[in-house]
1. Restricting the search to region 88-101, which residues are open to solvent by 60 Å² or more (accessible area, probe 1.4 Å) and either of a type in the set (Ser, Thr, Tyr) or within 15 Å of the chain's Cα centre (by Cα) (or both)?
2. Of everything in region 42-62, what is over 12 Å from the mean Cα position of the chain (by Cα) and modelled with pLDDT under 95? Give them in sequence order.
3. How many of the residues in region 18-29 are open to solvent by 20 Å² or more (accessible area, probe 1.4 Å), over 13 Å from the mean Cα position of the chain (by Cα) and under 18 Å from LEU60 (Cα atoms)?
4. Among what's in region 102-115 and is touching a residue at least 24 places away in the same chain (Cβ under 8 Å) and over 12 Å from the mean Cα position of the chain (by Cα), pick the residue that is least open to solvent (accessible area, probe 1.4 Å).
5. Within region 8-51, how many residues turn out to be assigned to a loop (DSSP other than H, G, I, E, B) and of a type outside the set (D, E, K, R)?
6. Name the residues in region 46-87 that are in contact (Cβ under 8 Å) with a residue 60 or more places away in the chain, open to solvent by less than 20 Å² (accessible area, probe 1.4 Å) and closer than 14 Å to ILE26 by Cα, would you?
7. Pull out all pairs, ordered by first then second residue, where Cβ-Cβ is under 9 Å, the residues are six or more apart or on different chains, the first lies in region 1-17 and is over 17 Å from LEU60 (Cα atoms), and the second is small (Gly, Ala, Ser) and open to solvent by less than 60 Å² (accessible area, probe 1.4 Å).
8. Does ASP104 count as modelled with pLDDT of 95 or more and of a type outside the set (A, V, I, L, M, F, W, C)?
Amino acid sequence: MLLDSFFTIVECDSSSNGLAFYSITIDQGHDIYKGHFPGFPVTPGVVEIEIVKELMECHLNQKISLSKIYNCKFINILNPEETDSIEVKIEFRSFEPVITIVADIYNSSRKFLNLKADFELIS
């Protein structure tokens, strides 16, 4: 949904031991920022969660659905004019059909999101 339109994967380092790192870029000109907010673009929190979900789908090569959020903290504003390149770290445990993840979105100087959630595999 957002992959290759709102964000692009620049680099991926994932392993089978339950850890994945992604470097991604954000499209500063995306339509999302026309309404959120003109003159001061802010990446909506739901979009940050969707980024994590779509990266997990890439890793698993399977569709998933958010089922439960244990903890979700938006620590800093993700303004694409200030930060258009970010890192995403995802730790996960697979207990099919539920996958529990802990994810961080950050750059070299700030953390933007910390998320602990469950996702369910969609067959």
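1. If we filter region 88-101 for residues that are open to solvent by 60 Å² or more (accessible area, probe 1.4 Å), which is where we start, we get 91, 93-97.
Hits for region 88-101 are GLU91, SER94.
2. HIS59, LEU60, ASN61, GLN62
3. Matching residues across region 18-29 total 1.
4. Result: ASN107.
5. Selection size over region 8-51: 16.
6. Passing the criteria: GLU48, VAL52, ILE86.
7. Listed pairs, sorted by first residue: VAL10/SER23; VAL10/SER85.
8. Details: modelled with pLDDT of 95 or more: yes; of a type outside the set (A, V, I, L, M, F, W, C): yes.
Yes, satisfied.
The values are calculated or read from the model by the stated rules, or taken from the named source; none is laboratory data. Fair warning: this is a prediction, and the values are worked out from it, not measured in the lab. Methodologically, a virtual Cβ is constructed for each residue, glycine included, from the backbone with ideal geometry; neighbour enumeration extends over all protein chains shown. Ligands, DNA and RNA are excluded from the accessible area calculation, which covers all protein heavy atoms including side chains. Shrake-Rupley method; radii C 1.70, N 1.55, O 1.52, S 1.80 Å.
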